[in-house]
Amino acid sequence: MGVNRVGFGITDDEVVCAASSEANPAYFRHLCEFSSGQTEHITVSSIELLMQKLDLVPEDRVVVTPARQANKDAMKKGKGRNGIFCGAAMLAQGGRIVTGKNSEQMRSSKHGPERDQRTLRHSRSVT
């Protein structure tokens with residue numbers, strides 16, 4: 001859009017806010033894709049830059065802080081497998097947040113130890 005046409009851009013604040021709200025889910029999706037080797041780090045860096053410009057942080061999603069706390073709780077209780085600790089949270093109907101963590105008995109069978117190590121290396125560099 002040329003400078004002389006910028007005044008005809010999106011002016012509806014609700015539309016702009018709704019579009020901004022998609023940056024946070026995209027951040028986590030790209031972070032997951034990077035951890036599993038499906039994309040490059042530049043993708044994560046790009047969405048991080050966009051989030052900075054929009055003045056957004058991952059914690060703007062209501063489930064992020066409880067999920068991170070579940071991860072810390074798993075570490076304190078010695079849950080996990082091979083030094084890998086996971087915490088998760090989801091927003092249930094009615095606004096209730098449900099959290100969970102992995103253990104030696106309960107973990108995703110989809111991800112082998114190689115992915116665990118890639119994720120661990122990345123999570124250490126992110127946090």
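Please treat every number below as a calculation from the coordinates, not as lab data. For clarity, every value in this text was computed on a predicted model and none was experimentally measured.
Counting only residues at least eight positions apart within a chain, or on another chain, there are no lysines with an alpha carbon under 28 Å from that of Lys53. Straight-line reach from Lys101: taking Cα to Cα under 27 Å and skipping same-chain neighbours fewer than 8 places apart, the lysines in range are Lys72, Lys76, Lys77, Lys79, Lys110.
Whole-Hz Karplus values for the range 18-25 come out as 5, 5, 5, 5, 7, 5, 5, x Hz, taken residue by residue from phi with 6.51 cos²θ - 1.76 cosθ + 1.60 and θ = phi - 60°; glycine and proline positions read x. 3J(HN,Hα) along the range 88-100, derived from phi through the Karplus expression 6.51 cos²θ - 1.76 cosθ + 1.60 where θ = phi - 60°, amounts to 9, 8, 9, 8, 8, 4, x, x, 6, 9, 10, 10, x Hz, with x in place of Gly and Pro.
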